[in-house]
Amino acid sequence: MGSSSGSDRLRDLQAFDDTKAGVKGLVDAGVTTIPAIFHHHPLLLDDAEEDADVIPVIDLQADVDRGHLVGQVRAAAQCVGFFQVVNHGIPGELLEEMLAAVRRFNEQPAEGKKAWYSRDSGRRVKFNSNFDLFQSPAANWRDTLLLELTPRPGPAAEEIPPACRGVVGEYVEAVQGLGGALLELLSEALGLPPEYLGGLGGGLATMAAHYYPPCPEPHLTLGTTRHSDPSFLTVLLQESKGLQVLMRQRQRWVDVPPVAGALVVNIGDLLQLVSNDLFRSVEHRVLATTAAAEPRLSVACFFRPDYACTRVYAPVTTTPPPPLYRSTTMPEFLSHYRAKGLDGRSALHHFRIPPPSSPPH
Ligand code: OGA
Ligand code: NI
């Protein structure tokens with residue numbers, strides 16, 4: 001982390017935010033070293049080991065019976081918390097168009113993006129660099145266009161930046177359908193009726209389109225700090241490498257390799273809570289893009305209840321162990337997640353029921 005004092009750091013964060021041009025603005029200005037606000041603690045920058053094929057790839061159209069498919073999803077959700085899906089029904093051209101739209105938005109002149117730059121939680125469509133710029137210990141080398149899609153109907157066409165208009169609506173609809181199918185598989189994998197998790201309100205709520213510009217000093221910072229997602233489920237479209245998952249057993253990072261036409265699916269914190277730890281919301285991070293590489297693009301779609309949903313969520317336990325989490329609501333969970341920022345710790349700790357302390361001797 002930077003060695004500047006607290007007030008210098010705040011001044012630097014504010015000055016960066018005031019440019020409204022994000023990390024790409026720094027790259028466009030030709031920086032050859034990165035500002036101290038982006039320097040991460042060395043422990044957060046440890047290397048991944050070379051590894052292949054730990055993240056399962058599941059073919060949703062394979063000629064297997066439903067029970068077999070549910071079994072594959074259950075194994076992936078339990079052991080790894082991450083999997084990729086192919087033959088998911090979303091045409092490859094739509095994936096390409098979505099990524100092209102994210103590129104168009106970010107690569108337009110900075111002036112065109114400034115009108116969208118905001119930290120206003122009331123805005124349903126906004127662009128900014130680091131949603132947690134003023135909360136997290138170090139900033140990430142990433143800019144993000146964020147769309148809040150609930151309450152339905154989501155943003156009207158004119159609320160969406162012209163560079164993405166059109167394709168966003170089509171992509172949202174397609175991912176909504178896929179997410180529904182995945183939530184059915186995951187419900188069945190928990191031994192619950194297929195409509196169970198969807199019925200809890202796990203629709204597509206937020207879309208985050210990320211842009212990770214090449215970084216002159218990628219070894220000092222990160223594209224996204226390690227975190228788990230504040231969702232039931234996340235469906236991620238990624239174009240190139242950089243995403244890594246923390247394997248619990250070995251405490252080491254493994255790559256989630258880009259697979260052409262595939263989408264990455266991961267379990268979020270809320271599904272870990274509702275499944276009482278049967279499914280794992282696994283920590284992941286994104287490395288900063290190296291200077292010689294193309295910018296990295298990704299689109300994360302978060303399935304969760306609406307922010308204002310006051311429904312109470314608690315572990316569904318039909319069998320032991322007893323509930324590991326206290327119940328919570330969406331406003332409580334999300335405000336805890338956002339206030340904390342990406343600080344390398346799981347938001348779930350806050351909701352965990354402490355184990356009974358051992359009796360005094
Ligand atoms: C996220 C996330 C990964 C990526 O948005 O929560 O983990 O590849 N994104 O951008
Ligand atoms: Ni994530």
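The values are calculated or read from the model by the stated rules, or taken from the named source; none is laboratory data. Small disclaimer: the values here were computed from a predicted structure and weren't measured. Here Cβ is always computed from backbone atoms with ideal geometry, including for glycine, and neighbour counts include all displayed protein chains. Quick note on the areas: whole protein, heavy atoms, side chains included, nothing else; ligands and nucleic acids left out. Shrake-Rupley method; radii C 1.70, N 1.55, O 1.52, S 1.80 Å.
Got a sec? Which of GLY22, GLY30 is at pLDDT 85 or above, open to solvent by less than 80 Å² (accessible area, probe 1.4 Å) and over 21 Å from the mean Cα position of the chain (by Cα)?
Being at pLDDT 85 or above, open to solvent by less than 80 Å² (accessible area, probe 1.4 Å) and over 21 Å from the mean Cα position of the chain (by Cα) holds for just one of GLY22, GLY30, which is GLY30.
Being at pLDDT 95 or above, of a type in the set (Gly, Ala, Ser) and in contact with a Ser or Thr (Cβ under 6 Å, 6 or more places away or on another chain) is true for just one of GLY261, GLY268. Which residue is that?
Being at pLDDT 95 or above, of a type in the set (Gly, Ala, Ser) and in contact with a Ser or Thr (Cβ under 6 Å, 6 or more places away or on another chain) holds for just one of GLY261, GLY268, which is GLY268.
Looking only at region 271-294, which residues are part of a helix (DSSP H, G or I) and either of a type in the set (Val, Ile, Thr) or in contact with a Ser or Thr (Cβ under 6 Å, 6 or more places away or on another chain) (or both)?
GLN272, VAL274
Taking GLU294 as meeting all but one of (1) open to solvent by less than 50 Å² (accessible area, probe 1.4 Å); (2) within 16 Å of ligand 1 (Cβ to nearest atom), write down the number of the exception.
So GLU294 meets the others, but not (1).
VAL175: more than 16 Å from ligand 2 (Cβ to nearest atom), in contact (Cβ under 8 Å) with a residue 60 or more places away in the chain and crowded, with 21+ Cβ neighbours inside 10 Å, yes or no?
Criteria not met by VAL175.
Exactly one condition in (1) away from ligand 1 (no atom under 16 Å from the Cβ); (2) touching a residue at least 24 places away in the same chain (Cβ under 8 Å) is not met by THR310; state its number.
Just one mismatch for THR310, condition (2).
Of the residues that make up region 146-158, is at least one over 16 Å from the mean Cα position of the chain (by Cα) and not in a loop (DSSP other than H, G, I, E, B)?
Scanning region 146-158, I find at least one residue that is over 16 Å from the mean Cα position of the chain (by Cα) and not in a loop (DSSP other than H, G, I, E, B), so the answer is yes.
Let me confirm something: among THR221, THR225, THR234, which residue is more than 9 Å from ligand 1 (Cβ to nearest atom), within 18 Å of ALA347 (Cβ to Cβ) and hydroxyl-bearing (Ser, Thr, Tyr)?
THR225
Go through region 145-168 and give me each residue that's open to solvent by 10 Å² or more (accessible area, probe 1.4 Å) and β-branched (Val, Ile, Thr).
THR150, ILE160, VAL167
When only residues in region 242-281 that are touching a residue at least 40 places away in the same chain (Cβ under 8 Å) and among the basic types (Lys, Arg) count, which is nearest to ligand 1 (Cβ to nearest atom)?
The selected residue is ARG280.
Looking at GLU217, is it more than 13 Å from ligand 2 (Cβ to nearest atom), open to solvent by 10 Å² or more (accessible area, probe 1.4 Å), among the charged types (D, E, K, R) and at pLDDT below 95?
no
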